[in-house]
Structures are given as C-alpha cells and as structure tokens.
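In what follows, a single structure is set out as structure tokens and then discussed.
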Amino acid sequence: MNCRPNSPLKLLLAAVPVVAIAVACILHSSTSGSRYSSILRDPPSASQNHRRLRLVNLIKDPKTVIPRETQLVQNADTPQFGVLLTCSDGFFDLWLNWLIFFERLKIPDLPVYLFAEDDVTHARCVELQDQSRESEYRADVTCLPWDFVFEKKEGSESLEAFSYNEMGYKLMMTHRPTVVNRLLEMGRHIIFSDADVVWLKNPLAHIQQVFMNNDPIVHILGQFDKKRICPGFTVYRACPEVIKFIDMWQDDLSKGDPSKNQVPFNNVLDVAMSSGIPVPDHNGNTTVKKITAAFLPNELFPNGKVYFEKMTDAEREGALVVHNNYIIGYDEKIDRFKNFDLWAL
C-alpha cells in the first residue's frame, strides 16, 4: 500500500528503549517454490470452497461480540496481541511470503488472523494448513471467512491482484476498519500488517514497551510517512476510544471516494487527537476523549522508500519490519523483494 499523506499532523514520537530480539533470516533455496506450487497455481475443488477453518481463539458464533459499552481489558502486565492481514486470491503469494518470514521468527503466543476477501483465498488458506513448509514451527493462523464480519456474499469469485491505483484495490481496502474492530471488540490489541510487508526480526519488544507505558497511554502506533501515519502497518489498542475512532474512520470511508482510502484515517485522527471523540460508557453516557498516536521509528520500521532507496546495508541490518510500498504494480513489488532477498517462494 502506498501512502499519499496531505496536511501535517502533530504526533507524539514514542521515545522508548528498543529491545530487539535478533533472529537470523535464512536465505531461501532455489527449489523452495515447488513446495507451494499447488497452493499458488492449482484451483481449489468445489468441496474445498465450502470448507471453513474452526475459528480458533475466537468466539465461534460470528454474531457473538463483546458489547461496546463493556470495559475492555487494558493495561495488563503483558498485553495480548494478535496480527491481522486481509487478502484476496490475487495477493495470496504475497501473504504466503509474509507467513514464511513470520514463521522463521518463531514468535510464541502471537496469533495471526487472515481475513479472506473471497472464497478461493479461504479455501487456499485451509489447504495451507495441511501443506509442509520449510519451517517446522507453525504459526497459529486463523482464516476468517467473509461472513465472519459481513453478510455472506453470493458466489465465490476470485479477486484480482489489483494495482494500487485501481478501483478494485481501493474498494477492497474499505473493508479493513470493520475487520479490525471485530477483533478489537474481543479484547486483543491488533497489529495490522499489509501483505507486502516482511518481518525481519521480532518487533514485539518495542511495541509492548510503548503499550505498557501509561504516561501517556498510546492508543495507536503507526508507520511514519511524511509526518502522517500509514495504516499499512499499524498497532491498535483494544479500548473503547480506538473502537470509536475506527467506527468514524469507517463512516468517512463509506461516504467518500474509496480512492482516498488513507486520507480519512488521518483526517479522523486529527480530530481525535486535537478535539477528542464521543465515547459511550456502559451507563449510556458519552464522554469526549482524545486519542494519543505515535510514530514507529523509521530506522526500525522503514517504508519502501527508506529501506530500498535510502538505507545502507548496515542500516538495513537494524530494521525489524519493512513495508514494500512506494512502488506501484504487483509484479514490481515482487521483483523488488527478490532483488533484496526478501522473497521466499
């Protein structure tokens, strides 16, 4: 996802110590692609299209959601996080590349949620559970079907790998806030990651230190991009203020032009940080509360322009997470990953 920020936003820089857990990144072998060929190329059978993964770690009834007026668990000694990605069939190999790098890190107690934008993606995710992969460590992956959040779509069409500036891609991005909120309502802080992201080292040490710091409480952590937050790699605190903020973001997206999918995020965040947003409590009363947002350090969480164009090899060694944005085109993204040994398929 490419960020096109507009007006400046005064954000709080998160000045916290960084304790990074170094994990070696093993270079992929030239023959590794064969292990994934059936997942990437073979069409799923009709029976596979109707299979559903059991919703591990989640309330199984999609309609059973923690009420928004319920006070969510906050400020635990060890905050519980989950990682969320959304994916259509056309982007499945980007998701699989993300997963391979993620599994190399062997991060314990960090569940992954993949929201399937179409039935083909869901079927392939189910198939992936039974496939052998290069890592003996298997991530705790839950594939969320479309009807986990929305009404069931008719048919099971496969969505293409739209380019950044194509309308199909932008419409797909408008689903993101609703999916994020469904998981936040269940009380787990959410790390949202685009599929064109690679986790080189474990970023949790940095993220947890920011979220455990209560002076001030940081509600949203995001990738720095020209004094704005890029929602392509963002951490959300599970609390009523953030849930309300995301509701407002979703409302703005539904009213406006989906080609401006990132502008509403930062516009609503401007208001939430400066004036505050109305947050209802369990008694039905409404209190105006402000959101505190912080940038993730650019040297640890670089965007595509910083990592691929500006950093030296030595500086890249210190990166935890890299976002392959600032480039337009699906094939172009993959080629750039390959040029920097960040493609595992």
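Brief remarks follow.
- Rel. contact order, % - alpha carbon contacts under 8 angstrom, at least six apart, segment 221-304: 38 percent
- Three-way shape call for segment 210-345 based on the alpha-carbon gyration tensor, with the a/c threshold at 1.5: prolate
- Cα pair count fraction exceeding 18 Å, expressed as % - segment 174-265: 47 percent
- Given K226/K305; K255/K290; K255/K305; K201/K244, the pairs whose alpha carbons are separated by over 21 Å: K255/K290; K255/K305; K201/K244
- A Förster radius of 25 Å combined with the Cβ-Cβ distance from K289 to M212 puts the calculated FRET efficiency at roughly 0.80.
- List K305, K333, K227, ordered by accessible area with a 1.4 Å probe, largest first: K227, K305, K333
- Cα centroids of segment 201-254 and segment 266-344: 9 Å apart.
- Normalised contact order of segment 81-132, rounded percent, pairs of Cα under 8 Å and 6 or more residues apart: 54 percent
- Extended-chain gain in nm, criterion 0.36 nm per residue less alpha-carbon gap, R316 and E332: 3.7 nm
- Under the simplified labelling scheme, the D247-A205 pair shows an inter-label distance of 3.9 nm, with each label point 7 Å from Cα along Cα→Cβ.
- Theoretical gain in end-to-end length, E299 to D140 [0.36 nm per residue, Cα-Cα removed]: 54.4 nm
The values are calculated or read from the model by the stated rules, or taken from the named source; none is laboratory data. Quantities reported herein were computed from a predicted structural model and do not represent experimental measurements. When we count neighbours, we look across all protein chains shown, and the Cβ atoms used for this are built from the backbone with ideal geometry, even at glycine. Please note that ligands, DNA and RNA were not included when accessible areas were found on the heavy atoms of the full protein model with its side chains. Shrake-Rupley method; radii C 1.70, N 1.55, O 1.52, S 1.80 Å.
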